[in-house]
Every structure is written in C-alpha cells, then in structure tokens.
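Right, one structure below, let's go through it.
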Amino acid sequence: MTGEAPEAAQDRPAPTEEEQRWLDEAVNGLRRERPDMSSSVVLTTRQRYGLIVVLVVLIPLALAFRNDTAVVLLAGLNVAYAIVVAYRVFLVTRVLRPSPPESGMRAGMHHITDEEARAVPDEDLPIYTVLLPAYNEPGIMSRLVSGVGAMEYPRDKLDVQLLLEADDVTTVAAAEATGAAAFARVVLVPPAEPRTKPKACNYGLQQARGELTTIYDAEDRPDPLQLRRAVVAFGRVGEDVACLQARLSYHNADQNLLTKWFAIEYETWFGFLLPGLSSVGAPLPLGGTSNHLRTDVLRRLHGWDPFNVTEDADLGMRLARSGYHSEVLDSVTLEEANSDPINWARQRSRWNKGYLVTALVQLRHPVRLARELGAKALVSLILTVLATPVMSLLNPVAWLLSLGWWTGTMPFIASIFPGWLVYLSLLNLFVGNFANVYVDVVALRQLRRPGLLWACLAMPLYWVLMAVGTGKAFVQLITAPSYWEKTAHGLDAA
C-alpha cells in the first residue's frame, strides 16, 4: 500500500489546516486517547514478556516430556474444538426459535416490512451519512453509482462521501467520469500511513453531517430500503443499541465452486451466527460493510482503528466494552464473492490476521475485559474472534494426524494417541465436522438457498483453503500486522 505518489498527484494543493486536523484524528485519535485499545502496537511489553516466559517454561518441558506434552496438547485442542462446534450449534438453535410477533424480530433479526420502511415521512427522516471508501478501483465506479444511487432515501437527507486517496488519480478520474459527484461528495484523503480503509472512514467521519452513519464498499448492491429500515429499527430500540448490522450475501454465488462455498459461509455467518450472538448479548464481530451506527457514539469511540485490518470486528468489541449493543437488521446487501483462489486467499489472510490482532488487543487486560463484558460475553469473544482463525489452521493438521494414526506408518503418532484420546479425536472428526456441515445445511434451508446445498458436501475442501489463508495470516501477524492486502473486485461474471 505504500509507494511513491504519482506525478499528477503532486500538483494537488497541500492539505489545509482543517484537513490536517481531520487527518491527525483519523490516524492518531484512538491510539492517543485509548492506546490500550489501539493495534498500532500489536503486542504490548507485558504481552511480549509473558510470551517469553511461557516459551521458556514450555519448551524445556516439551523436550523433556515429549509424549506427555503432545498428549496434553492434543487433548486440549480436541476439547476446545468440541466446545467451539457446540457453541456454533447452540447459536443456530437460538435463531431457530420462533420470536413473538409483537417483537418485530424474525430469526433473531429486526424485521422491517417495506410498508413500515416507507411509512416514515421524508421530513421525519434523519440525515444519514454514507461512507464509500475506495482505493485503486477505477473499474467499479459505475457500479457504485448504480448501487448506492438507487437508495430510496430523500437526497437532501443524504450525506454521501466517496472517500478516495488523493494520490489515487485513476480512481479519482473514474469517479469524475461516471458522475459520482451528482449524489456524493468526492472527499480526497491526504496521503498518509497506514493506507487502510478504516483510516479513510475516520477521515470522512470528521466531516459527517448525519445522525446515523453507515459504510458501503464500492461494489455493494444494498437493499434500496435499507436506510429506511435502519431508521425504523433504531426507533424501536433503546439508546444502548449503537449498531445494526445488515446481512451480507453475494450476487455471484453461482459463478464457480469457490463462490458457492463463500456464499454458504456468509449465509451461515450473517443469517444465523451473528443473530445468535446478538440473542445472548455477546459482542458482534461486525462485517466490513452495511453496519449502521449512531454517529455520536462512533465519534466518542474515536471511530475505527486505522491500524487494524478488520476494523469492523474490532469496533464491535469496543462498542460492547463501552456498554453498547449491536444487533442484526434483516436487510440484505449483495457483494461480490471472490471467484479467484489467489485473490480469495489474500482477502482471507487479511481477515484472519485482523481477528488475531483484535483478540490480542482485547485480551491485553483480561480481568478488566471480563469486568466490562461479563463472563459469558468474554467466553463468546474467545469462541468467535480468537477461535475462528485458530481452528481454521488446526483443522487440516488434525486430519493429517488422524491419517497418520490410521495408516500406522508413523510410530510417534501412535504413541501420543492413547485409547481415550483416539475416541475423542474420532468423535470430533466425524461428529464435529458433520455438525459444521449440518449447520450450513440448516442455514441454507431456512434462508431458501437450495441451489447451494450440494456444495456443502465439499465444504471440507474449502476448509483446506481456509487453512492456507490462515497460515499466511499468522506469518503476516509477525511481519506486517497493519498491511492492508488489497482485494481485487470486478472479477465476477458479466
């Protein structure tokens, strides 16, 4: 993301004093006011010393008692895996319970009908800020115009900001050519590190005029009534609900097998797991788009962490720690599923790296975290944010160990699998993996996506891809924790 600015960008005027102030708040606001919540430093000094102490103690023990250490480690991982799977099943069962009709909820989500959304008079609607960050994406500016431009919301109540890096001259030119300025303010973000989406959104937040704020990616196709639905839903909840996360899905799910797998994952995550987390009062790892927020709350929290590459998940945790709730809005935004495996791996490594960074930041002060969130929410954070990348990486490792045990070709593997551990591992292998697939099947049936059901049978192959992306995430966690690996868009079929 770092590089020399193009020559054409050198002719642009220097940022004004006010723009410099906005930029300073965008980059430094959170780490200056709440350094304990900022990922500008991933591991604190105390965390580093703690890690060194653990390694100094465990490595000699592991060398001296190799078999015993391996047995304990494998048993712990098997128990952890079983707990994570059981928690996923529990969350799905929570969503499957029928909601009282008078609650306005459906499947754990705020359901606002078209009639209810349109019933609010235009003059009673609040000003709504819509942030549209884009970087090096000249080819999809026309999609942005057609997608966001179709929103059913009075234009004089919309504060739409197209956030572009000032030295990204090709995207700026494309935005001007497609007429984006007809419905959006083109906001040029002064070049500064880190080159991340949350930094750009923070810059736009300094200028936001809306009572409510949301984010859309340039390729998004939001439900045209989504803003109105959010307004009605916010009117039904208390001031402690600071965020409504809309559902995300894909318009090109049928492009190839990879996009089918990706769509299955999204349908389960946004249609069941997030509503399930909301139903138990757990913090929500928000999606990167279509989260609708109270602007004043967002400003009090200093916006998004510009150094975190999953700023959405991090914000969900910080909202919960500040006493606010996030809930799910039954309104769909269609995105583009990655159809290219290499591009998909780049995106997945960024996501899982961000989840790891978020977990490390949030767990800096475990006692304080437990006091702010409560024990149940703390456990939920660990079973979602931390467990998602860790279990993703360990899945194929467990399969290889099982294969080695079955074939009997590696005596060491047999020695670290006593009988009781063999049965526990087999239980996880067959029952646990079946449960993961079955959760996806239930989600697809409930959401009426039968065309994706057959792809569920091949989901274990998708888990192998996820492990590859996660392995890359662990490497980048050490080498480049704040590096934003750009995802290419516009690869969907015509």
Problem - Yes/no for E193 being touching a Lys or Arg at 6+ places or on another chain (Cβ under 7 Å) and at pLDDT below 95 - result: no
Exercise for the section: Working only within the stretch 1-34, note down all residues that are more than 13 Å from V189 (Cβ to Cβ) and modelled with pLDDT under 90. Expected result: T2, G3, E4, P6, E7, A8, Q10, D11, P13, A14, T16, E17
Completion exercise
Apart from one, (1) under 21 Å from the mean Cα position of the chain (by Cα); (2) surrounded by 24 or more Cβ atoms within 10 Å (Cβ to Cβ) all hold for E265; the odd one out is (2)
Practice task
Can you tell me which residue among L298, L315 is surrounded by fewer than 24 Cβ atoms within 10 Å (Cβ to Cβ) and among the aliphatic types (A, V, I, L, M)?
Solution key: L298
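N136: under 22 Å from P418 (Cα atoms), touching a Ser or Thr at 6+ places or on another chain (Cβ under 8 Å) and not aromatic (F, W, Y), yes or no? Walk me through it before giving the result.
Working: under 22 Å from P418 (Cα atoms): no; touching a Ser or Thr at 6+ places or on another chain (Cβ under 8 Å): yes; not aromatic (F, W, Y): yes.
Here the answer is no, as N136 does not meet what is asked.
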Exercise for the section: Starting from the stretch 307-332, take each residue that is at positive phi and list its partners that are of a type outside the set (A, V, I, L, M), counting only C-beta distances under 7 angstrom and pairs at least six apart or across chains. Expected result: G323/D240
Problem - Enumeration of residues in the stretch 170-206 that are out of contact with any Phe, Trp or Tyr (no Cβ under 9 Å at 6 or more places or on another chain), hydrophobic (A, V, I, L, M, F, W, C) and assigned to a helix (DSSP H, G or I) - result: V172, A173, A174, A175, A177, A180, A181, A182
Practice task
Name the single residue, out of those in the stretch 366-407 being touching a Leu at 6+ places or on another chain (Cβ under 8 Å) and of a type in the set (S, T, N, Q), that is nearest to V71 (Cα to Cα).
Solution key: S402
Handout entry: So G271, is it buried (at least 20 other Cβ atoms within 10 Å of the Cβ) and either touching a helix residue (DSSP H, G or I) at 6+ places or on another chain (Cβ under 8 Å) or under 28 Å from L491 (Cα atoms) (or both)
Key = yes
Practice task
Would you check which residues across the stretch 465-494 are within 25 Å of D254 (Cα to Cα), exposed (fewer than 13 other Cβ atoms within 10 Å of the Cβ) and aliphatic (A, V, I, L, M) and list them?
Solution key: A493, A494
Exercise for the section: Looking for whichever is modelled with pLDDT under 85, exposed (fewer than 13 other Cβ atoms within 10 Å of the Cβ) and either closer than 23 Å to L356 by Cβ or of a type in the set (K, R) (or both) here; the options are L63, L58, L51. Which one fits? Expected result: L58
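Only residues that are of a type in the set (S, T, Y) and under 19 Å from Y355 (Cβ atoms): list them for the stretch 257-289, please.
Those that are of a type in the set (S, T, Y) and under 19 Å from Y355 (Cβ atoms): Y266, T268, S278, T289.
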Practice task
Report, ordered by the first and then the second residue, all pairs with beta carbons closer than 6 Å, sequence separation of six or more or different chains, a first member in the stretch 218-247 that is touching a residue at least 12 places away in the same chain (Cβ under 8 Å) and closer than 17 Å to Y128 by Cβ, and a second member that is of a type in the set (F, W, Y) and not in a loop (DSSP other than H, G, I, E, B).
Solution key: L227/Y128
Handout entry: S415 touching a residue at least 24 places away in the same chain (Cβ under 8 Å), over 27 Å from E219 (Cβ atoms), surrounded by fewer than 19 Cβ atoms within 10 Å (Cβ to Cβ) and not acidic (D, E)
Key = yes
Handout entry: In the stretch 317-361, residue farthest from V232 (Cα to Cα) [restricted to those that are of a type in the set (D, E) and not in a strand (DSSP E or B)]
Key = D340
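Residues checked against (1) assigned to a loop (DSSP other than H, G, I, E, B); (2) over 26 Å from G29 (Cα atoms); (3) not hydrophobic (A, V, I, L, M, F, W, C):
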| site | (1), (2), (3) |
| --- | --- |
| A208 | yes, no, no |
| T214 | no, no, yes |
| R228 | no, yes, yes |
| A233 | no, yes, no |
| A242 | no, no, no |
Fill in the blank from the handout: Across the stretch 253-289, the tally of residues that are in a helix (DSSP H, G or I) and of a type outside the set (F, W, Y) stands at 17
Practice task
Tell me which of these R364 doesn't satisfy, since it passes every other one: (1) surrounded by fewer than 18 Cβ atoms within 10 Å (Cβ to Cβ); (2) assigned to a helix (DSSP H, G or I).
Solution key: (2)
Completion exercise
Note on the stretch 97-125: residues in a helix (DSSP H, G or I) and either modelled with pLDDT of 95 or more or within 13 Å of L274 (Cα to Cα) (or both) are D114, E115, E116, A117, R118, D122, E123, D124
Handout entry: helices (runs of 4 or more DSSP H) fully within the stretch 394-494 counting 1 or more residues that are in contact with an Asp or Glu (Cβ under 7 Å, 6 or more places away or on another chain) and modelled with pLDDT of 85 or more
Key = 433-446, 459-479
Exercise for the section: Answer yes if at least one residue in the stretch 199-211 is of a type in the set (A, V, I, L, M, F, W, C), under 19 Å from G490 (Cβ atoms), modelled with pLDDT of 90 or more and crowded, with 18+ Cβ neighbours inside 10 Å, and no otherwise. Expected result: no
Exercise for the section: Select, from V130, V54, V89, V72, the only residue that is closer than 30 Å to V145 by Cα and among the hydrophobic types (A, V, I, L, M, F, W, C). Expected result: V130
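The values are calculated or read from the model by the stated rules, or taken from the named source; none is laboratory data. Treat the numbers as computed from the prediction; the structure is a model and nothing was measured. Reconstructed Cβ throughout: ideal geometry from the backbone, glycine too, with neighbour counts over all protein chains shown.
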